[in-house]
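These notes are about the structure you will find just below.
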Amino acid sequence: FPLPHQEARIELARTLNHMLDRIESAMNQLHTITDSLAHALRSPLTAVRGKLEVVLSGDVRTEQIDPIVSAIDELDRLTEFLNTSLDVAEAKADALRMSPTVIDMDELLRGMIDLYEPCLSEKGISVQLRSAGAVHVMADAALLHRVIANLLDNEAKHLPASCTVVLGLRSEDGFAELV
């Protein structure tokens with residue numbers, strides 16, 4: 001026969017397991033809701049953006065170009081706001097899904113610069129990378145990519161022509177530092 005304190009431990013373990021099951025269920029529901037919300041909102045935003053790009057690539061009068069480009073930019077901002085809001089909601093609920101992997105920051109930055117350089121050059125902004133070579137970090141690749149993309153987007157939007165963006169990367173005391 002179990003002793004009284006063993007019965008209490010068994011009951012406590014059952015209660016804790018039940019609570020953990022409920023928490024796991026709530027997290028799964030949160031992920032389902034945010035995934036559904038994201039899909040329900042991203043799909044029409046992407047569709048509208050695609051239609052505007054089709055119109056823009058066609059025979060458009062000069063006076064129509066700026067409003068169409070402006071609408072595309074607004075859709076991009078709205079999509080980014082949606083993504084950020086959903087990430088923040090999940091982070092506040094301690095439910096942000098991350099897949100940490102080893103990432104070479106030097107390699108990532110070089111790829112991001114290659115991606116953004118044409119846009120920045122078009123605006124008269126140059127980009128330089130000052131890096132001593134490979135710097136490996138353990139991080140979620142998609143979130144890290146988004147952080148760097150946000151930084152470069154901000155530079156493209158807010159810097160005047162003839163500026164230079166300098167990205168400095170180094171490793172110190174086991175930490176990566178991006179300036």
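Quick look at the values:
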{"quantity": "Along principal axes, Cα extents of the chain, largest first, whole Å", "calculated": "87, 45, 20"}
{"quantity": "GLY168 long-range amide H proximity, modeled H, under 5 Å", "calculated": "ARG130, VAL179"}
{"quantity": "VAL135 long-range amide H proximity, modeled H, under 5 Å", "calculated": "MET105, ASP106, GLU107"}
{"quantity": "Most mobile of LEU56, LEU75, LEU169 in a GNM of the chain (Cα contacts under 10 Å)", "calculated": "LEU56"}
{"quantity": "5 angstrom amide H check on VAL127, placed H, neighbours 5+ away", "calculated": "VAL165"}
{"quantity": "The chain: DSSP helices with Cα axial extent of at least 15 Å and average Kyte-Doolittle hydropathy no lower than 0.5", "calculated": "none"}
{"quantity": "Distance histogram for segment 115-179 (every C-alpha pair counted, 5 angstrom bins, percent rounded to whole numbers)", "calculated": "4, 15, 24, 23, 17, 11, 5, 1"}
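Coordinate-derived values only; no laboratory data. Treat the numbers as computed from the prediction; the structure is a model and nothing was measured.
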